[in-house]
Structure formats: C-alpha cells, structure tokens
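What follows is a set of notes on a single structure, which appears directly below.
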Amino acid sequence: MRIEARSLKHHLALITQHSVLFAIGALLLALCSSGEAQPITKIFRIGYLSSRDLTNDSSRSEAIRLALRDLGYIEGQNIAFESRYANGQRERFVELAAELVRAKVDVIVIAGGDLPVQAAKDATRTIPIVMTGGGPDPVAAGFVQSLARPGGNITGLTLLVIELAGKRLELLKETVPKISRVAALYDPKNPASVTEVKKTLPAAARPLSLIIQPWEIRAAEEIERKFNSPTKERPDALYVSTSALLNTNQKRIASSALKKRLPSVFGRREYVENGGFMYYGADVSDSYRRVAWYVDKILKGVKPADLPVEQPSKFELVINLKTAKQIRVTVPQKILARADKVIR
C-alpha cells in the first residue's frame with residue numbers, strides 16, 4: 001500500500017506539472033495570437049512639395065495616392081502625407097522644403113520642375129527625394145550623377161518635357177499647316193523655361209518655317225494683358241512652356257488662348273482638360289504609378305542612389321475637339337487617328 005501511495009503522489013505531481021505547463025503554453029499562444037491580430041504598424045510620413053496650388057494639383061496628388069493605395073499604403077493606417085503647396089510662387093520653394101525636412105518625413109515627393117527639386121536638394125542630403133518628372137534633364141541640372149546611377153539622395157522620373165518641345169511644335173504645324181508665327185509663353189525667372197523658349201524651340205522651328213515669338217510672363221496678372229496687348233505681328237498659334245507660375249494659371253491661359261482663337265500646344269495634359277487645344281508628352285497616368293513604385297521601394301529600404309532615374313516609356317497625344325470647334329480649326333483625320341484621347 002505504501003508503494004501504491006507513493007505512486008499515486010508521483011502521478012498527481014506529474015499531472016499538476018503538466019497542467020502548469022499547458023496553462024503557460026496556452027497563455028503564450030494567446031499572447032502571440034493577440035499580437036498577430038493587432039500588429040504595431042509603422043506610419044510612414046510622405047512629404048509632398050507641389051509647385052501649384054491645391055486645386056490645380058489635386059488630380060496629380062490624388063493619382064499618386066491611389067497608386068500608393070494599390071501597393072498597400074492606406075492613408076491613416078500605414079502612411080501619412082505632409083503636403084506643401086507653393087501656389088505658383090517660386091520664392092516659397094526653399095521655405096516649404098525646409099518645413100518638410102523639419103517635419104522629419106521619410107521621403108519627399110517633388111511635384112514640380114527643377115526649382116523645387118533644387119530647393120529640396122539644398123535642404124537635405126539624407127532624406128530620399130523622388131522627382132515626378134517636370135523640368136530639364138536631371139543630369140544636366142546636377143541633380144543626379146547619371147540616369148543609371150543617381151549617386152545621391154535623389155531619384156525618380158524625367159518626363160522629357162523640354163526634350164519633346166520640337167515634337168510638339170511639329171504636331172502643331174502638321175495639325176494647322178497655315179500657322180507661321182508661334183507665341184511662346186514662358187517664365188523668365190525659370191531657367192528651364194528660358195532654355196526651352198530661347199534655344200530648343202527656335203532650333204526646332206527653323207526646319208518647320210516657323211517663327212518663335214517669346215512672351216514673358218512674370219506674374220499672374222500679366223497673362224490677360226499679354227494676350228490683349230496690341231502687337232505689330234500677331235501670332236497665329238501658341239506654345240506654353242512649363243513652370244510653377246504658368247501651370248498654376250493654366251485655366252486663365254487656356255481661356256485667353258480660346259478667346260483669341262489661337263491653336264495651342266502644351267507640355268502638361270491638364271491644360272487641354274481645361275480648354276487648351278493639344279497636348280503631347282509622357283503618359284501621366286503611367287508616370288504616377290511609377291512615382292508610387294519609387295516611394296514603395298524606398299520605404300522598403302532601397303537607397304535612392306541604387307534606383308535608376310526612369311525616362312517615359314509611354315507617350316500620348318490628347319486633342320480637345322470642343323476647343324478646335326470654337327477656334328475654327330479642322331483637325332486632319334490622320335492626326336485624330338494618332339490621338340490617344342480625343343475630348344469631344
């Protein structure tokens with residue numbers, strides 16, 4: 001009986017030990033399950049610096065947000081935006097870039113040309129910067145060492161806005177063969193805009209038998225005055241260079257061209273959507289997806305220096321037929337057949 005008693009005690013001890021171990025295991029499992037159900041997610045902060053105002057930039061910023069959402073970044077859950085808008089005031093770029101650096105964002109997206117990129121570059125050498133593609137060749141501008149190997153904290157897209165100036169002029173002439181004098185609207189305080197109008201366009205205009213007539217715009221209130229001022233040699237078409245000042249006032253420019261019945265061509269698609277005549281350039285919807293791709297790679301730890309700067313692979317021709325009718329231009333069928341989008 002003593003042996004049986006000792007055996008019983010031994011079995012009871014083993015049962016108690018197993019019960020304790022089971023309870024501990026169940027507790028650990030519960031803790032692990034609870035942790036998996038409610039993971040601690042880092043919220044990445046995206047700095048967004050736009051050369052335009054909120055209204056004129058909304059389609060671009062929203063498209064980038066949607067592209068990021070497709071990659072799993074949901075605002076308020078794992079991503080937050082610190083947005084700054086220069087409202088077309090080039091002198092604000094330095095101040096706004098500095099604000100984003102002080103906000104300690106994880107990456108800065110530049111929705112503009114060379115001036116805001118330069119401001120961000122001067123403000124930080126460590127925070128990654130993603131270009132959305134406006135402005136000149138980033139190598140020539142000194143933003144990256146080469147397209148294949150950027151070498152610093154800047155990468156992103158180059159949309160060949162200036163490089164395509166000649167093609168835009170060619171399409172305009174092919175669409176409206178009778179034109180001979182083209183007014184080129186530009187901001188003299190924007191170096192890329194000056195290069196486009198003073199060098200790139202005249203070189204492209206000569207073989208087309210076109211004369212480029214530079215029109216300086218230094219402030220928004222000068223736009224209507226420029227279109228309405230009497231000139232000895234009235235232009236019969238309009239080319240609009242891209243800059244923060246002009247892009248912010250795209251509706252006023254498109255409206256003024258419409259009133260003067262000037263066939264117009266632009267380096268930004270939004271102008272045509274706001275009443276301009278013709279756009280030729282990179283496929284903007286594709287470029288927004290690529291911007292999101294760069295942000296995603298950087299947030300996952302890839303260095304900007306190791307992400308080659310991309311040139312556009314898709315281009316589009318957009319024609320506004322409603323505007324064509326108002327300015328009494330008949331678009332040739334061969335041009336319409338080449339158009340990627342026709343606004344009717």
Cross-link pairs Lys199/Lys314; Lys173/Lys199; Lys314/Lys334 - those with Cα-Cα distance over 23 Å: Lys199/Lys314
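Rounded to the nearest angstrom and ordered from largest down, what semi-axes does the equivalent ellipsoid of region 115-168 get from its C-alpha gyration tensor (root of 5λ)? All intermediate terms of the calculation are to be shown ahead of the outcome.
Working: eigenvalues 88, 27, 14 Å².
Semi-axes from the Cα gyration tensor: 21, 12, 9 Å.
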Reachable aspartates and glutamates from Lys232, criterion Cα separation under 20 angstrom, eight or more residues apart if same chain: Glu216, Glu222, Glu224
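Report the charge-dipole magnitude of the chain in Debye, nearest 20, computed about the Cα centre from +1 at each Lys and Arg Cβ and -1 at each Asp and Glu Cβ.
Numbers: 51 positive and 35 negative charges, 152 e Å.
So the dipole magnitude of the chain works out to roughly 740 debye.
Scaled to the compact-protein estimate 2.2 N^0.38 Å, what is the alpha-carbon radius of gyration of region 51-202, rounded to two decimal places? All intermediate terms of the calculation are to be shown ahead of the outcome.
On the way: Rg = 17.4 Å, N = 152, 2.2 N^0.38 = 14.8 Å.
Normalised Rg, Cα atoms only: 1.17.
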Inter-label distance, nm, simple model (7 Å from Cα along the C-beta direction), Gln311/Ser83: 3.3 nm
Where region 204-331 is the region considered: accessible area per residue in Å², 1.4 Å probe: 45 Å²
Options Ala192, Ser59, Thr330, ranked by Cα towards positive dipole end of the chain, top entry (Cβ charges): Thr330
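Quick one: if you take sqrt(5λ) for each eigenvalue of the C-alpha gyration tensor of region 48-141, what semi-axes come out, biggest first, whole angstrom?
On the way: eigenvalues 84, 46, 37 Å².
Over the Cα atoms of region 48-141, the semi-axes work out to 21, 15, 14 Å.
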Fraction of accessible area attributable to carbon and sulfur, the chain (%, probe 1.4 Å): 54 percent
Three-way shape call for region 270-311 based on the alpha-carbon gyration tensor, with the a/c threshold at 1.5: prolate
All lysines inside 17 Å of Lys121 as judged from Cα atoms, apart from same-chain residues fewer than 8 positions distant: Lys104, Lys303
Unit Cα scatterers, Debye sum, the chain: log10 I(q)/I(0) for q = 0.07, 0.09, 0.10, 0.13 Å⁻¹: -0.37, -0.54, -0.63, -0.97
Cα-Cα separations in region 89-149 greater than 20 Å, expressed as whole percent: 19 percent
Computed helical MRE - 222 nm, the chain, DSSP H runs ≥ 4 contributing -39500 (n - 2.57), nearest 500: -13000 deg cm²/dmol
Average Cα contact separation per residue, the chain, under 8 Å, 6 or more apart, as relative contact order %: 17 percent
Relative contact order of region 234-293, defined on C-alpha pairs under 8 angstrom at six or more residues apart (%): 30 percent
Amide H contacts of Ser83 (H built 1.01 Å from N, under 5 Å, at least 5 apart or other chain): Tyr48
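I want the antiparallel fraction of DSSP beta bridges within the chain, as a percent rounded to 5. Numbers along the way, then the final one.
Values: 5 of 43 bridges.
Roughly 10 percent of the beta bridges in the chain run antiparallel, per DSSP.
Taking the inverse of the average 1/r across all pairs of different Cα atoms in region 120-232, what Kirkwood radius in Å do you get? Don't skip to the answer; put the middle values down first.
Working: mean 1/r = 0.0616 Å⁻¹.
Mean inverse Cα-Cα distance, inverted, gives 16.2 Å.
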For region 173-235 versus region 122-145, the gap between their alpha-carbon centres in whole angstrom: 28 Å
Nearest-20 debye value, region 80-153 charge dipole, Cβ charges on Lys, Arg, Asp, Glu: 140 debye
Largest-first principal axis extents, alpha carbons of region 163-228, Å: 32, 26, 15
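Return the inverse of the average 1/r over all pairs of distinct C-alpha atoms in region 191-344, which is the Kirkwood hydrodynamic radius, in Å to one decimal.
Details: mean 1/r = 0.0573 Å⁻¹.
Hydrodynamic radius (Kirkwood, Cα only) of region 191-344 equals 17.4 Å.
The values are calculated or read from the model by the stated rules, or taken from the named source; none is laboratory data. Because the structure is a prediction, the values reported are computed rather than measured. With ideal geometry, Cβ positions are generated from the backbone for all residues, glycine too; neighbour counts draw on all protein chains shown. In case anyone asks, the SASA skips ligands and DNA or RNA and just uses the protein heavy atoms, side chains included. Shrake-Rupley method; radii C 1.70, N 1.55, O 1.52, S 1.80 Å.
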